[in-house]
Structures are given as structure tokens and as C-alpha cells.
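Beneath this line is the structure, given in C-alpha cells, with notes to follow.
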Amino acid sequence: MTVAGLEARIPALLVHGYTAVGAVLALMMVNWSYQGRTRDVLWLFLIAMVIDGTDGFLARRFDVKHVLPWFDGALLDNIVDFITYAFAPMVLLWATGYLPGGLLGGVVAAIPVLASCYQFCRTDAKTEDHFFLGFPSYWNILAFYAVVGSLSPALTSGIVIALAVLVFVPIKYIYPSRTAFLWRANMTLATLWLILYAAITAGLPDPSPLLVAVSLLYVGYYLVVSIWMTVRRPKVGG
């Protein structure tokens, strides 16, 4: 291995290590969920989202796909995303009483986990024009709003089931860091939403209703633009 090879490989390995930190965060999410440390888990969700939102830039910056062709960074990313965006959030909701107790709660929690298994294995889950096809397993976002909104187990379950169905509906959802359409607006609003997420989490157990309402404006924007783009360009990249 040449010196130049080492200089290229070390940053690439560090990028993969950065992504893999999410797996450790997921382990902590599950452990802390069963300890009732709900706010701490929400902070871990935030860290995981920041990592997920930046590791792609780093991977392209250091050309990891070509520098380390023997390592599948996309597979690593999917593994980490599944356990931080789907599995751990369902554990949080079930363990902390936002889903029904007992077997019923387990069944409800299993529905999005299984739906996400399907989605993460689809080769077209990310379209050629950089959209997510079907609800993109943002179960951590649902868990966040269930906690800050103190949603009842019945309401949370209803939303979980509805979103699980949307995994199979071919709506194209914005991929904030990759979708070219309105990229600057998408990234700016996504960044502001993360800041609001941090402010709301810091205010728990009594989050600001105003901040929660403002944060939901981005959720509304995301859904409206995603549906509009699906209707406007139904065949592009599908």
C-alpha cells in the first residue's frame, strides 16, 4: 500500500466509521428506552439524523465508493438507518407507553418494522432523480411528535398504521440532501427544523406549543411538496 493510498483510504475509513456510529446510538436508544429516559433518546435521534444528513456529503467528498470498492457503504447506511429510524423508535414508543401495552402494542410496533424491512430492501426505494418512493420510514419523527404532543396510545397506533400503509403507496417524498428540486429551500428548512427539534427537546417535559406548531409547518411543507411533485412528474425516476 502506497503512502498516497493510505492518505486516501484513512479519510474514507473514517467516513464509514462516522456512519457506523449510528449503530452504537441505536443500541443506546433501545437501552435508554427501557430505562424511561425518553428525552435522552430524542437527543440520540437528533444526533443520528445529523450524522445521516452529513455522511453522504462526506462520502462523496472523499470518493469512498472508489477508494474502498470492497466496502459497501450503501449497505452500512441502510443498516444504520433501519435501526435508528425504524427499530429503535418503535422500541421507544412501546416501552414508554405511547403504544398499547402487552401483545397488542407489540403487534402495532411490528407493523412499521416489517413495512420498513420491505422498503429498505426495495431497489427503487430511492429513485434515480433522488426521491424516496413510499413513506421513507421516518418513524423517529413520529416518535418525536408522539412524545412532545403526549399522544394517546390509540392515536399513536392509528398514525403508525396509516404511515405503514403509505410505505406501499408510490408517493415520491423529498430526499432533502439530494432532491434537486427546491434543494436550497429543502436544506434550509430541514436545518431549521432540526434546530427547532433541539429547542423543543430541551424544553421537555413542557415543550413550547408555539415551537411545536412552527416545526409542524415544515412537516406540512414536506408532505405538500412531495405529493405535488409526485402528481406533477409521476413517471420521472419511478
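Report every pair of residues separated by at least 6 positions or lying on different chains whose Cβ atoms are under 8 Å apart, first residue within segment 130-156 and farther than 14 Å from VAL212 by Cα, second basic (Lys, Arg). Here the result reads HIS130/ARG178; PHE131/LYS172; PHE132/LYS126; PHE132/LYS172; LEU133/ARG122; LEU133/LYS126; LEU133/LYS172; GLY134/ARG122, each pair linking segment 130-156 to a residue that is basic (Lys, Arg). Checking the condition out of contact with any strand residue (DSSP E or B) (no Cβ under 7 Å at 6 or more places or on another chain), farther than 20 Å from PRO112 by Cα and surrounded by 14 or more Cβ atoms within 10 Å (Cβ to Cβ), which residue from LEU93, LEU76, LEU42 passes? Being out of contact with any strand residue (DSSP E or B) (no Cβ under 7 Å at 6 or more places or on another chain), farther than 20 Å from PRO112 by Cα and surrounded by 14 or more Cβ atoms within 10 Å (Cβ to Cβ) holds for just one of LEU93, LEU76, LEU42, which is LEU76. Per the conditions (1) more than 14 Å from the chain's Cα centre (by Cα); (2) surrounded by fewer than 20 Cβ atoms within 10 Å (Cβ to Cβ); (3) not in a loop (DSSP other than H, G, I, E, B), the sole criterion not satisfied by ASP124 is (3).
Residues that are out of contact with any strand residue (DSSP E or B) (no Cβ under 8 Å at 6 or more places or on another chain) and modelled with pLDDT under 95 within segment 130-151 comprise HIS130, SER137, listed in sequence order.
Based on what the data block shows, is ARG178 touching a residue at least 40 places away in the same chain (Cβ under 8 Å), out of contact with any strand residue (DSSP E or B) (no Cβ under 7 Å at 6 or more places or on another chain) and of a type in the set (Lys, Arg)? Yes. Can you tell me which residue is surrounded by the most Cβ atoms within 10 Å (Cβ to Cβ) among those in segment 128-167 that are under 17 Å from the mean Cα position of the chain (by Cα) and assigned to a loop (DSSP other than H, G, I, E, B)? Going through the qualifying residues, I end up with SER137.
Looking only at segment 169-208, residues that are more than 18 Å from PRO136 (Cβ to Cβ), of a type in the set (Gly, Ala, Ser) and at pLDDT below 95 come to 1 in all.
Going residue by residue through segment 1-15, is there one that turns out to be at pLDDT 95 or above and surrounded by 20 or more Cβ atoms within 10 Å (Cβ to Cβ)? Within segment 1-15, one or more residues are at pLDDT 95 or above and surrounded by 20 or more Cβ atoms within 10 Å (Cβ to Cβ). Screening the candidates LEU75, LEU27, LEU46 for the property of being in contact (Cβ under 8 Å) with a residue 60 or more places away in the chain and closer than 30 Å to TRP94 by Cβ yields one hit, LEU46.
The values are calculated or read from the model by the stated rules, or taken from the named source; none is laboratory data. Predicted, not measured: the structure shown is a model, and the values here were computed from it. Quick reminder, even Gly has a Cβ in these numbers, built from the backbone with ideal geometry, and neighbours come from all protein chains shown.
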